[in-house]
Amino acid sequence: MLAMDYRGPKRVRATEKPMPEIKHPQDAIVRVTRSCICGSDLHLYNGNVPDTRVGSTFGHEFTGIVEEVGPDVTKIKVGDHVLVPFNVACGECHFCKQGMFGNCHESNTQASAVGGIFGYSHTAGGYNGGQAEYARVPYANVGPTVIPEGMDPDDAVLLTDVVPTGYQAAEMAGIQPGDTVVVFGAGPVGIMAARCCWLFGAGRVIIIDKEDYRLEFAKNYANCEAYNFEKDMDDPVVFIKKATDFMGADCVIDAVGAEAAGNAMQTITGRKLLLQAGSATALHWAINSVKKGGVISIVGVYGPTDNLVPIGNVLNKGLTIRANQASVKRLLPRLIEHVQNGVIKPKELITHRIPLEEVADGYRMFSAKLDNCIKPLLVFPSANI
(Lines give C-alpha, C1' and ligand atoms only; values in the text may rest on other atoms or scores of the structure.)
Protein backbone atom coordinates (compact mmCIF):
# COMPACT_ATOMS: atom_id res chain seq x y z
CA MET A 1 0.00 0.00 0.00
CA LEU A 2 1.03 3.62 -0.44
CA ALA A 3 1.81 5.45 2.82
CA MET A 4 3.51 8.54 4.17
CA ASP A 5 6.98 7.69 5.51
CA TYR A 6 9.00 9.81 7.97
CA ARG A 7 12.73 9.93 7.18
CA GLY A 8 13.89 12.57 9.69
CA PRO A 9 13.21 16.24 10.46
CA LYS A 10 11.61 17.99 7.46
CA ARG A 11 11.91 14.82 5.39
CA VAL A 12 8.83 12.80 4.50
CA ARG A 13 7.86 10.88 1.38
CA ALA A 14 5.20 8.60 -0.04
CA THR A 15 6.37 5.02 -0.33
CA GLU A 16 5.10 1.45 -0.52
CA LYS A 17 4.66 -0.23 2.86
CA PRO A 18 3.29 -3.62 3.95
CA MET A 19 -0.46 -3.89 4.44
CA PRO A 20 -1.54 -3.69 8.10
CA GLU A 21 -2.78 -6.91 9.71
CA ILE A 22 -5.14 -7.85 12.52
CA LYS A 23 -2.94 -8.27 15.61
CA HIS A 24 -5.60 -8.45 18.33
CA PRO A 25 -9.19 -9.76 18.40
CA GLN A 26 -10.46 -6.18 18.86
CA ASP A 27 -8.60 -4.76 15.85
CA ALA A 28 -10.09 -3.51 12.60
CA ILE A 29 -8.50 -2.68 9.26
CA VAL A 30 -9.90 0.33 7.41
CA ARG A 31 -9.36 1.53 3.85
CA VAL A 32 -8.70 5.21 4.37
CA THR A 33 -11.01 7.61 2.51
CA ARG A 34 -9.96 10.93 4.05
CA SER A 35 -6.89 11.97 6.03
CA CYS A 36 -5.63 15.41 7.03
CA ILE A 37 -2.28 16.91 7.84
CA CYS A 38 -2.66 18.46 11.29
CA GLY A 39 -0.81 21.43 12.72
CA SER A 40 0.47 19.13 15.46
CA ASP A 41 1.90 16.82 12.76
CA LEU A 42 4.23 19.71 11.99
CA HIS A 43 5.77 19.35 15.46
CA LEU A 44 6.76 15.81 14.43
CA TYR A 45 7.84 16.93 10.96
CA ASN A 46 10.07 19.67 12.39
CA GLY A 47 11.71 17.34 14.92
CA ASN A 48 10.21 18.83 18.09
CA VAL A 49 8.67 15.65 19.53
CA PRO A 50 11.00 13.09 21.18
CA ASP A 51 11.12 9.50 19.92
CA THR A 52 9.67 10.22 16.49
CA ARG A 53 11.21 7.28 14.70
CA VAL A 54 12.32 6.98 11.08
CA GLY A 55 9.83 4.84 9.20
CA SER A 56 6.78 6.10 11.10
CA THR A 57 3.54 6.92 9.32
CA PHE A 58 1.82 10.02 10.68
CA GLY A 59 -1.86 10.88 10.57
CA HIS A 60 -4.38 11.03 13.42
CA GLU A 61 -7.30 12.54 11.50
CA PHE A 62 -8.86 9.99 9.18
CA THR A 63 -12.00 8.23 8.02
CA GLY A 64 -12.24 4.89 6.27
CA ILE A 65 -14.26 1.91 5.06
CA VAL A 66 -14.00 -1.13 7.34
CA GLU A 67 -12.32 -3.92 5.36
CA GLU A 68 -11.69 -6.50 8.08
CA VAL A 69 -12.50 -6.94 11.78
CA GLY A 70 -11.13 -9.13 14.55
CA PRO A 71 -13.31 -11.85 16.09
CA ASP A 72 -14.22 -9.73 19.16
CA VAL A 73 -15.36 -6.65 17.22
CA THR A 74 -19.13 -6.21 17.52
CA LYS A 75 -19.78 -2.45 17.22
CA ILE A 76 -18.76 -2.02 13.57
CA LYS A 77 -18.84 -4.34 10.57
CA VAL A 78 -17.17 -4.75 7.20
CA GLY A 79 -18.42 -2.09 4.82
CA ASP A 80 -19.16 0.57 7.45
CA HIS A 81 -17.79 4.03 6.70
CA VAL A 82 -16.33 5.23 10.00
CA LEU A 83 -14.59 8.27 11.44
CA VAL A 84 -11.68 7.34 13.68
CA PRO A 85 -10.99 9.57 16.72
CA PHE A 86 -7.33 10.45 17.15
CA ASN A 87 -7.38 8.92 20.66
CA VAL A 88 -6.48 5.24 20.88
CA ALA A 89 -8.60 4.28 23.90
CA CYS A 90 -9.54 0.97 25.52
CA GLY A 91 -12.89 2.13 26.91
CA GLU A 92 -12.47 0.05 30.07
CA CYS A 93 -9.75 1.65 32.21
CA HIS A 94 -10.33 4.03 35.13
CA PHE A 95 -9.87 7.11 32.94
CA CYS A 96 -11.88 5.97 29.93
CA LYS A 97 -14.81 5.25 32.24
CA GLN A 98 -14.66 8.92 33.29
CA GLY A 99 -14.86 10.01 29.66
CA MET A 100 -11.13 10.86 29.59
CA PHE A 101 -10.42 8.95 26.38
CA GLY A 102 -7.35 11.10 25.71
CA ASN A 103 -5.81 9.76 28.93
CA CYS A 104 -6.40 6.03 28.46
CA HIS A 105 -4.23 4.06 30.86
CA GLU A 106 -3.98 0.93 28.69
CA SER A 107 -3.28 2.11 25.13
CA ASN A 108 0.17 3.62 25.62
CA THR A 109 2.90 1.53 27.21
CA GLN A 110 5.50 4.20 26.41
CA ALA A 111 4.31 6.91 28.81
CA SER A 112 2.29 7.44 31.99
CA ALA A 113 0.83 10.82 31.00
CA VAL A 114 -0.79 10.74 27.57
CA GLY A 115 -2.87 7.90 26.14
CA GLY A 116 -2.31 6.42 22.72
CA ILE A 117 -2.56 8.63 19.63
CA PHE A 118 -2.51 7.46 16.04
CA GLY A 119 0.64 8.38 14.14
CA TYR A 120 2.19 10.51 16.87
CA SER A 121 5.59 9.13 17.84
CA HIS A 122 6.45 6.39 20.31
CA THR A 123 5.80 8.76 23.21
CA ALA A 124 2.13 8.34 22.22
CA GLY A 125 2.26 4.58 21.78
CA GLY A 126 4.06 4.12 18.48
CA TYR A 127 0.91 3.50 16.42
CA ASN A 128 1.09 4.04 12.68
CA GLY A 129 -1.39 6.64 11.51
CA GLY A 130 -3.90 7.22 8.77
CA GLN A 131 -1.82 8.99 6.12
CA ALA A 132 -1.83 5.70 4.26
CA GLU A 133 -4.20 3.76 2.06
CA TYR A 134 -4.98 1.34 4.91
CA ALA A 135 -4.70 1.56 8.70
CA ARG A 136 -5.00 -0.77 11.66
CA VAL A 137 -7.44 0.51 14.29
CA PRO A 138 -7.06 -1.06 17.76
CA TYR A 139 -9.97 -1.18 20.25
CA ALA A 140 -12.40 -1.08 17.34
CA ASN A 141 -15.40 -1.44 19.67
CA VAL A 142 -14.54 1.91 21.25
CA GLY A 143 -13.19 4.54 18.86
CA PRO A 144 -14.49 4.09 15.31
CA THR A 145 -17.91 5.69 14.83
CA VAL A 146 -20.15 5.09 11.84
CA ILE A 147 -20.55 8.30 9.85
CA PRO A 148 -24.23 9.31 9.91
CA GLU A 149 -26.12 8.95 6.65
CA GLY A 150 -25.97 12.13 4.62
CA MET A 151 -22.91 13.59 6.35
CA ASP A 152 -20.20 14.78 4.00
CA PRO A 153 -16.95 12.80 4.62
CA ASP A 154 -15.10 16.13 4.54
CA ASP A 155 -17.09 17.18 7.61
CA ALA A 156 -16.65 13.77 9.23
CA VAL A 157 -12.84 13.73 8.98
CA LEU A 158 -12.63 17.00 10.91
CA LEU A 159 -14.71 15.46 13.70
CA THR A 160 -11.74 13.20 14.47
CA ASP A 161 -9.65 16.04 15.95
CA VAL A 162 -10.06 19.67 14.85
CA VAL A 163 -13.69 20.17 15.86
CA PRO A 164 -13.54 18.32 19.22
CA THR A 165 -10.20 19.90 20.14
CA GLY A 166 -11.47 23.40 19.35
CA TYR A 167 -14.73 22.71 21.17
CA GLN A 168 -12.99 21.27 24.24
CA ALA A 169 -10.64 24.28 24.28
CA ALA A 170 -13.68 26.52 24.67
CA GLU A 171 -15.30 24.11 27.14
CA MET A 172 -12.20 24.01 29.38
CA ALA A 173 -12.01 27.82 29.36
CA GLY A 174 -15.07 27.92 31.62
CA ILE A 175 -16.64 30.72 29.61
CA GLN A 176 -19.42 32.65 31.36
CA PRO A 177 -22.04 34.72 29.52
CA GLY A 178 -20.49 37.94 28.25
CA ASP A 179 -16.86 36.92 28.85
CA THR A 180 -13.98 38.24 26.78
CA VAL A 181 -11.98 35.32 25.39
CA VAL A 182 -8.56 35.59 23.73
CA VAL A 183 -7.33 32.79 21.48
CA PHE A 184 -3.63 32.63 20.67
CA GLY A 185 -3.08 30.87 17.34
CA ALA A 186 -5.17 31.09 14.17
CA GLY A 187 -4.50 27.63 12.85
CA PRO A 188 -7.44 25.27 12.28
CA VAL A 189 -7.83 24.44 15.99
CA GLY A 190 -7.55 28.08 17.08
CA ILE A 191 -10.10 29.11 14.46
CA MET A 192 -12.48 26.35 15.56
CA ALA A 193 -11.95 27.28 19.23
CA ALA A 194 -12.84 30.89 18.44
CA ARG A 195 -15.98 29.73 16.64
CA CYS A 196 -16.98 27.48 19.54
CA CYS A 197 -16.50 30.20 22.17
CA TRP A 198 -19.77 31.77 20.99
CA LEU A 199 -21.59 28.49 21.76
CA PHE A 200 -20.63 28.90 25.42
CA GLY A 201 -21.89 32.48 25.65
CA ALA A 202 -18.78 34.58 25.03
CA GLY A 203 -19.46 38.29 24.60
CA ARG A 204 -16.21 39.07 22.79
CA VAL A 205 -13.71 36.81 21.04
CA ILE A 206 -10.22 37.98 20.00
CA ILE A 207 -7.78 35.84 18.02
CA ILE A 208 -4.07 36.68 17.73
CA ASP A 209 -1.56 35.33 15.21
CA LYS A 210 1.15 36.69 12.90
CA GLU A 211 -0.14 35.51 9.52
CA ASP A 212 -2.55 37.93 7.88
CA TYR A 213 -4.21 35.30 5.68
CA ARG A 214 -5.04 33.15 8.71
CA LEU A 215 -6.36 36.14 10.63
CA GLU A 216 -8.60 37.13 7.71
CA PHE A 217 -9.92 33.57 7.49
CA ALA A 218 -10.54 33.47 11.26
CA LYS A 219 -12.36 36.80 11.19
CA ASN A 220 -14.75 35.52 8.52
CA TYR A 221 -15.22 31.95 9.80
CA ALA A 222 -15.42 32.63 13.54
CA ASN A 223 -16.91 36.14 13.39
CA CYS A 224 -14.25 37.38 15.82
CA GLU A 225 -11.75 40.20 16.17
CA ALA A 226 -8.38 39.32 14.68
CA TYR A 227 -5.01 40.99 15.30
CA ASN A 228 -1.45 40.50 14.11
CA PHE A 229 1.01 40.56 17.01
CA GLU A 230 3.83 41.71 14.73
CA LYS A 231 1.93 44.56 13.06
CA ASP A 232 -0.93 45.66 15.30
CA MET A 233 0.83 45.88 18.66
CA ASP A 234 4.18 46.17 20.39
CA ASP A 235 3.32 43.74 23.19
CA PRO A 236 0.34 41.34 23.12
CA VAL A 237 -0.03 41.44 26.92
CA VAL A 238 -0.22 45.25 27.03
CA PHE A 239 -2.55 45.23 24.02
CA ILE A 240 -4.98 42.85 25.71
CA LYS A 241 -4.83 44.77 28.97
CA LYS A 242 -5.70 48.01 27.14
CA ALA A 243 -8.52 46.26 25.28
CA THR A 244 -10.08 45.11 28.56
CA ASP A 245 -9.88 48.25 30.71
CA PHE A 246 -6.61 46.93 32.17
CA MET A 247 -8.41 44.00 33.80
CA GLY A 248 -7.20 41.27 31.46
CA ALA A 249 -9.19 38.75 29.44
CA ASP A 250 -11.63 36.53 31.34
CA CYS A 251 -10.33 33.43 29.57
CA VAL A 252 -7.36 32.72 27.32
CA ILE A 253 -6.88 29.73 25.02
CA ASP A 254 -3.38 28.60 23.96
CA ALA A 255 -3.92 26.93 20.58
CA VAL A 256 -0.29 27.35 19.51
CA GLY A 257 1.89 25.06 21.58
CA ALA A 258 5.52 24.18 21.01
CA GLU A 259 6.36 26.22 17.92
CA ALA A 260 5.20 29.68 19.00
CA ALA A 261 6.99 32.71 17.59
CA GLY A 262 7.32 36.12 19.22
CA ASN A 263 10.12 35.73 21.78
CA ALA A 264 13.77 35.21 20.81
CA MET A 265 14.82 33.41 24.00
CA GLN A 266 11.88 30.99 23.83
CA THR A 267 12.51 30.34 20.14
CA ILE A 268 16.21 29.65 20.61
CA THR A 269 15.89 27.44 23.71
CA GLY A 270 12.69 25.68 22.67
CA ARG A 271 12.81 25.38 18.89
CA LYS A 272 16.48 25.60 17.94
CA LEU A 273 18.48 24.11 20.81
CA LEU A 274 15.61 21.95 22.15
CA LEU A 275 16.57 22.75 25.74
CA GLN A 276 12.88 22.85 26.65
CA ALA A 277 9.74 21.24 25.26
CA GLY A 278 9.17 23.86 22.61
CA SER A 279 8.72 27.61 22.71
CA ALA A 280 6.23 28.57 25.43
CA THR A 281 5.75 32.15 24.19
CA ALA A 282 1.98 31.84 23.76
CA LEU A 283 1.61 30.33 27.22
CA HIS A 284 3.62 33.24 28.70
CA TRP A 285 1.29 35.68 26.99
CA ALA A 286 -1.74 33.75 28.21
CA ILE A 287 -0.61 33.77 31.84
CA ASN A 288 0.26 37.45 31.81
CA SER A 289 -2.77 38.70 29.86
CA VAL A 290 -5.60 36.83 31.60
CA LYS A 291 -7.33 38.57 34.49
CA LYS A 292 -6.75 37.68 38.15
CA GLY A 293 -8.79 34.58 38.90
CA GLY A 294 -9.08 33.90 35.17
CA VAL A 295 -8.89 30.62 33.28
CA ILE A 296 -6.28 29.42 30.79
CA SER A 297 -7.17 26.55 28.46
CA ILE A 298 -4.25 24.77 26.77
CA VAL A 299 -4.74 22.59 23.70
CA GLY A 300 -1.53 23.54 21.87
CA VAL A 301 0.88 20.60 21.89
CA TYR A 302 4.01 20.70 24.04
CA GLY A 303 6.59 17.95 24.37
CA PRO A 304 6.86 15.68 27.41
CA THR A 305 9.78 17.53 29.03
CA ASP A 306 10.08 20.85 30.86
CA ASN A 307 9.03 24.34 29.77
CA LEU A 308 10.05 27.77 31.06
CA VAL A 309 6.80 29.36 32.26
CA PRO A 310 6.11 32.06 34.90
CA ILE A 311 4.48 29.76 37.44
CA GLY A 312 4.79 32.46 40.12
CA ASN A 313 2.35 34.61 38.17
CA VAL A 314 -0.09 31.72 38.03
CA LEU A 315 0.02 31.52 41.82
CA ASN A 316 -0.09 35.23 42.53
CA LYS A 317 -2.95 35.87 40.10
CA GLY A 318 -4.97 32.90 41.35
CA LEU A 319 -5.29 31.40 37.88
CA THR A 320 -6.92 28.15 36.86
CA ILE A 321 -5.17 26.19 34.11
CA ARG A 322 -7.05 23.45 32.30
CA ALA A 323 -5.32 21.36 29.67
CA ASN A 324 -5.82 18.03 27.96
CA GLN A 325 -5.93 16.09 24.75
CA ALA A 326 -9.52 16.24 23.52
CA SER A 327 -11.68 13.27 24.46
CA VAL A 328 -13.25 12.85 21.05
CA LYS A 329 -15.58 9.97 21.92
CA ARG A 330 -17.20 11.93 24.75
CA LEU A 331 -17.87 14.95 22.55
CA LEU A 332 -18.96 13.25 19.33
CA PRO A 333 -22.74 12.97 19.96
CA ARG A 334 -23.10 16.71 20.55
CA LEU A 335 -20.72 17.70 17.77
CA ILE A 336 -22.38 15.43 15.21
CA GLU A 337 -25.66 17.15 16.09
CA HIS A 338 -24.05 20.59 15.67
CA VAL A 339 -22.73 19.62 12.23
CA GLN A 340 -26.05 18.14 11.11
CA ASN A 341 -27.87 21.30 12.24
CA GLY A 342 -25.39 23.59 10.50
CA VAL A 343 -24.18 25.17 13.74
CA ILE A 344 -20.61 24.16 12.88
CA LYS A 345 -19.42 23.76 9.29
CA PRO A 346 -16.06 21.99 9.54
CA LYS A 347 -15.34 21.38 5.86
CA GLU A 348 -15.11 25.13 5.23
CA LEU A 349 -11.69 24.95 6.92
CA ILE A 350 -10.30 22.73 4.14
CA THR A 351 -8.36 24.85 1.65
CA HIS A 352 -6.15 22.32 -0.16
CA ARG A 353 -6.56 18.78 -1.50
CA ILE A 354 -3.24 17.03 -1.99
CA PRO A 355 -2.67 13.59 -3.55
CA LEU A 356 -1.03 11.17 -1.12
CA GLU A 357 1.75 10.75 -3.68
CA GLU A 358 2.61 14.44 -3.12
CA VAL A 359 2.54 14.32 0.69
CA ALA A 360 6.07 15.76 0.92
CA ASP A 361 4.93 18.88 -0.93
CA GLY A 362 1.87 19.08 1.33
CA TYR A 363 3.98 19.09 4.48
CA ARG A 364 6.37 21.67 3.06
CA MET A 365 3.52 23.96 2.02
CA PHE A 366 1.69 23.68 5.34
CA SER A 367 4.84 24.10 7.43
CA ALA A 368 6.07 27.11 5.44
CA LYS A 369 2.55 28.62 5.37
CA LEU A 370 2.54 28.84 1.59
CA ASP A 371 -0.42 29.46 -0.72
CA ASN A 372 -2.66 30.65 2.16
CA CYS A 373 -2.98 27.07 3.39
CA ILE A 374 -5.34 26.67 6.36
CA LYS A 375 -6.11 22.93 6.32
CA PRO A 376 -4.73 20.37 3.85
CA LEU A 377 -6.67 17.19 3.06
CA LEU A 378 -4.89 14.19 1.55
CA VAL A 379 -6.57 12.55 -1.45
CA PHE A 380 -6.23 8.77 -1.81
CA PRO A 381 -6.05 6.87 -5.10
CA SER A 382 -8.02 3.96 -3.59
CA ALA A 383 -10.69 6.01 -1.79
CA ASN A 384 -13.40 5.98 -4.48
CA ILE A 385 -15.66 8.16 -2.37
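The values are calculated or read from the model by the stated rules, or taken from the named source; none is laboratory data. These figures come from a predicted structure and were not determined experimentally. Counting neighbours? That spans all protein chains shown, and the Cβs are built from the backbone with ideal geometry, glycine included. Areas reflect the complete protein model, heavy atoms only, side chains present, ligands, DNA and RNA absent. Shrake-Rupley method; radii C 1.70, N 1.55, O 1.52, S 1.80 Å.
Could you check how much of the accessible area of the chain is carbon and sulfur, as a whole percent, using a 1.4 Å probe? Working shown, then result.
Values: 7640 of 15510 Å².
For the chain, the apolar C and S fraction of the accessible surface comes to 49 percent.
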- request: Keeping every protein chain in place, order L356, L2 by accessible area at 1.4 Å, biggest value first, i.e. largest first.
  value: L2, L356
message: Counting other C-beta atoms within 10 Å, and keeping those with at most 16, which DSSP coil GluC sites (Glu not before Pro) do you find in region 27-119?
response: E92
task: Would you mind checking K210/K291; K75/K97; K272/K317; K241/K375 for any pair whose Cα atoms are more than 29 angstrom apart?
output: K272/K317; K241/K375
query: How big is the accessible area of R271 in square angstrom, nearest 10, if you roll a 1.4 angstrom probe over the protein chains?
result: 80 Å²
field: region 248-321, accessible area per residue, ligands and nucleic acids excluded (1.4 Å, Å²)
entry: 41 Å²
Accessible heavy-atom area order of E230, E348, highest first, probe of 1.4 Å: E230, E348
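Taking every DSSP beta bridge with both residues inside the chain, roughly what % is antiparallel (nearest 5)?
Antiparallel bridges: around 50 percent, rounded to the nearest 5.
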task: Within region 286-385, list the trypsin sites (Lys or Arg not before Pro) lying in a DSSP loop whose Cβ has at most 15 other Cβ atoms in a 10 Å radius.
output: K369
task: Report the paramagnetic label zone for K369: residues of region 230-263 whose backbone N is under 11 Å from a point 7 Å from Cα along the Cα-to-Cβ axis.
output: 230-231, 260-262
Positive-end residue, the chain charge dipole about Cα centroid, Cβ charges, pick of C96, V157, C373: C96
- line: Rounded to whole Å², per residue accessible area for region 86-206 with a 1.4 Å probe reads 30 Å²
field: Those trypsin sites (Lys or Arg not before Pro) in region 63-114 that DSSP places in a loop and that have at most 12 other beta carbons within 10 Å
entry: K77
